Amino acid sequence: MIFREAIIADIPQIQIVRNAVKENTLSDPSLVTDEDCITFLTLKGKGWVCEEEHTIIGFAIADLTDHNIWALFIHPAFEGRGIGKTLHRLMMDWYFSQTDQMVWLGTAPHTRAEKFYLRQGWKPAGLVNKGEIKFEMSKHDWEKLKKENENKF
């Protein structure tokens, strides 16, 4: 497996992963356009991918403009291999190297994603969007978690 920064040429495979997930599915796949991805990768933030045999199997994108995590998805065939944790760490390290601002994300309740973010140290902070759980992470909390888990990251 190779972890690296995402580039515009990755967008078609990023879209395949995004539309393959079983939870937090898009009701309408056209809601997340290639142009949206370009904006987040080049203007608003940065992304990372995990690829195996030249195929993207997971990706993460942080939005530095609105201080949120725009995406973190793993293709269902590759779940449970630590890919999400590694992408999460890369994304969070970069985010907090750029700003001291609190970061947030939203995810559907009662999902594996909700449990994942709780295990990664995110704190629930109410609801956002259409009933999603809002999670927040401060730079201080991220640095503390990294120190406590040095051997796990």
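The values are calculated or read from the model by the stated rules, or taken from the named source; none is laboratory data. Treat the numbers as computed from the prediction; the structure is a model and nothing was measured. Here the Cβ is made from the backbone with ideal geometry for all residues, glycine too, and neighbour counts use every protein chain on show. Heavy atoms of the whole protein, side chains included, go into the accessibility calculation; ligands, DNA and RNA do not. Shrake-Rupley method; radii C 1.70, N 1.55, O 1.52, S 1.80 Å.
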Residues being open to solvent by 100 Å² or more (accessible area, probe 1.4 Å), within 18 Å of Lys144 (Cβ to Cβ) and part of a strand (DSSP E or B) - total across segment 117-130:
1
Within segment 75-108, residues open to solvent by less than 60 Å² (accessible area, probe 1.4 Å), more than 23 Å from Ala125 (Cα to Cα) and not aliphatic (A, V, I, L, M) come out as His75, Pro76, Phe78, Gly82, Thr86
Filter segment 17-28 down to residues that are at pLDDT below 80 and open to solvent by 70 Å² or more (accessible area, probe 1.4 Å), then give me how many there are.
3
Residues of segment 32-74 that turn out to be exposed (fewer than 15 other Cβ atoms within 10 Å of the Cβ), in contact (Cβ under 8 Å) with a residue 24 or more places away in the chain and in a helix (DSSP H, G or I), as a count
2
Does Ala77 satisfy the condition of being among the small types (Gly, Ala, Ser) and modelled with pLDDT under 95?
yes
So, Glu114, is that one more than 16 Å from Arg89 (Cα to Cα) and either of a type in the set (Ser, Thr, Tyr) or assigned to a helix (DSSP H, G or I) (or both) or not?
yes
